[in-house]
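Please treat every number below as a calculation from the coordinates, not as lab data. The model shown is predicted, which means the values in this text are computed figures rather than measured ones. Cβ sites come from the backbone with ideal geometry, for glycine too, and all protein chains shown count toward neighbours.
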Amino acid sequence: MNRNFLRLALLAFLAAGAASTSTAGQAPAGLSPVEELGKRLFLDINLSNPPGQACVVCHGLRVGFTGPDQSVNKAGGVYGGAVNGRFGNRRPPTIAYAGPSPKLRPEEESGAFVGGMFWDGRATGWTLGDPLAEQALGPPLNPLEQNMPDKKRVVLAVAKSDYAGLFEKVWGAGSLDAEKDAAGAFDRIGRSIAAYERSAEVSRFSSRFDDFWRAAKAKGLEVEKITVPTAGRYGNLGLSQVELRGLVLFATKGMCANCHGLESEDGRPPLFTDYTYDNIGVPKNPANPFYRMSKEYNPAGEKWVDKGLGGFLETTAKFKEFANLNMGRFKVPTLRNVDLRPSPDFVKCYMHNGFFKSLKDVVHFYNTRDKPDSGWPPPEVGANVNVNEMGDLQLTGAEEDAIVAFLGTLSDRR
């Protein structure tokens with residue numbers, strides 16, 4: 001990891017997101033004490049071995065809490081860990097708007113899996129009852145990420161921090177005792193980070209779409225029911241004609257809303273995910289640095305195949321029988337902040353392996369993947385590819401552009 005970039009990432013986060021600062025033991029206006037504690041943990045560069053790798057390195061505010069370094073995004077999309085030369089195997093997903101994801105489970109009617117965290121669902125929520133908190137506890141102990149040797153060392157690092165007093169204020173006296181209860185203290189670290197990731201500072205609902213959704217609701221209109229014949233009723237509510245056309249296509253011909261749903265949750269605007277898993281036929285990304293990792297971490301080398309949810313399920317006793325049906329499936333991400341960038345020319349990357357470098361490429365892939373002359377490489381995992389909702393949507397170039405324009409309205413304003 002480039003240490004200069006790490007420092008710049010941390011400074012950029014603070015400049016962009018911290019309108020107020022805090023002293024040890026105090027929370028700033030707008031964050032509860034546990035949320036402020038989670039933020040301090042999120043920004044702490046001492047929770048890695050060697051020190052220097054914080055959560056913010058892979059989850060930057062200015063890009064919607066995903067990968068903030070466009071030089072990485074332009075290539076493999078996978079970020080380096082605390083130890084130089086070590087890389088994970090997937091692009092960092094956003095941690096914003098992730099809180100409502102339920103515990104991983106198969107749905108009763110369809111058998112399709114829903115919930116969990118990480119691209120493959122391995123932060124199930126089965127242990128803590130909260131997938132987001134379990135996800136937060138993964139990177140510190142991952143040798144390819146923050147590389148801490150054990151839970152106790154993480155707790156000791158927090159106990160030495162200038163926010164240790166805030167930790168005990170939130171969780172009580174003795175809550176950071178690494179000798180008597182390292183496991184419990186470690187779990188509390190995860191729950192604190194999850195509280196911050198659920199906060200209004202991270203999940204703001206402040207996009208132009210949110211304004212549009214609220215204006216439509218005030219007018220008695222349900223955005224999730226928009227159709228071509230009814231689209232005129234939604235005019236002059238905050239979206240341009242092209243953006244509104246993109247929304248209609250998103251909900252109808254493009255079939256995007258089949259997985260990135262428009263339904264409201266708890267009276268709030270939609271989160272644009274149904275928490276399920278899908279294999280959309282994403283090609284292998286040869287630039288992924290994980291292929292060139294040592295055999296200690298990647299015994300298969302260039303032949304490694306990312307099995308997604310199926311790869312995780314085959315490691316479980318309870319759901320191993322469902323592994324083959326879920327090979328190549330990855331969690332449907334929220335589309336919120338999908339186009340949030342610090343500048344129009346900033347390059348983000350998309351999908352679990354960062355194969356796509358623009359939203360136009362993503363939409364064009366959905367639209368043309370299965371056409372004989374499409375030119376797309378074959379899927380990395382050929383089993384279980386979704387051929388019912390994508391592949392040959394018959395969208396025109398202008399319709400693709402309209403969907404991309406609509407996706408641009410999902411960026412939070414800060």
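Taken over the stretch 200-328, the alpha-carbon convex hull comes to 194 cubic angstrom per residue.
Global dimensions of the stretch 270-414 from alpha-carbon coordinates: Rg and Dmax equal 16.7, 48 Å.
Would you mind counting up the charge near V404? Only other residues with Cβ under 9 Å from its Cβ, with Lys and Arg at +1 and Asp and Glu at -1. Its environment carries a net charge of -2. A simple charge model with +1 on the Cβ of Lys and Arg, -1 on the Cβ of Asp and Glu and nothing else charged puts the dipole of the chain at about 800 debye relative to its Cα centre. In this structure, the pairs whose alpha-carbon distance is over 30 Å, taken from K318/K357; K331/K360; K103/K152; K295/K371; K169/K331, are K318/K357; K295/K371; K169/K331. Global size of the stretch 61-188: 16.8, 50 Å for Rg and Dmax (C-alpha atoms, Rg to one decimal, Dmax whole). Sparse packing (at most 12 other Cβ atoms within 10 Å of the Cβ) combined with a DSSP loop state is found for the following GluC sites (Glu not before Pro) in the stretch 89-192: E107, E108, E109, E179. Simple spin-label estimate for E108 and W126 gives 2.1 nm between the two label positions (7 Å along the Cα-to-Cβ direction from each Cα). Considering the stretch 140-185, its Cα convex hull presents a mean projected area of 3.2 nm².
For A215 and K295, the FRET efficiency from 1/(1 + (r/R0)^6), where r spans their Cβ atoms and R0 equals 41 Å, is about 0.10.
With R₀ fixed at 56 Å, the C-beta to C-beta distance from D177 to A398 puts the FRET efficiency at about 0.35. All alpha carbon pair distances within the chain were sorted into 10 Å bins beginning at 0; the resulting P(r) in whole percents reads 5, 21, 32, 27, 12, 3, 0. Between the beta carbons of S32 and D150, assuming R0 = 25 Å, the FRET efficiency works out to 0.25 to the nearest 0.05. Along its principal axes, the stretch 41-96 has C-alpha extents of 27, 25, 16 angstrom, given from the largest down. Projecting the Cα positions of T276, C256, T230 onto the charge dipole of the stretch 222-313 (unit charges on Cβ atoms of Lys, Arg, Asp and Glu, taken about the Cα centre) puts C256 furthest along the positive direction. Extension gain for T315 to L141 (0.36 nm times residue separation, less C-alpha to C-alpha distance): 60.7 nm. The stretch between R414 and S206, if pulled fully straight at 0.36 nm per residue, gains 74.1 nm over its current Cα-Cα span.
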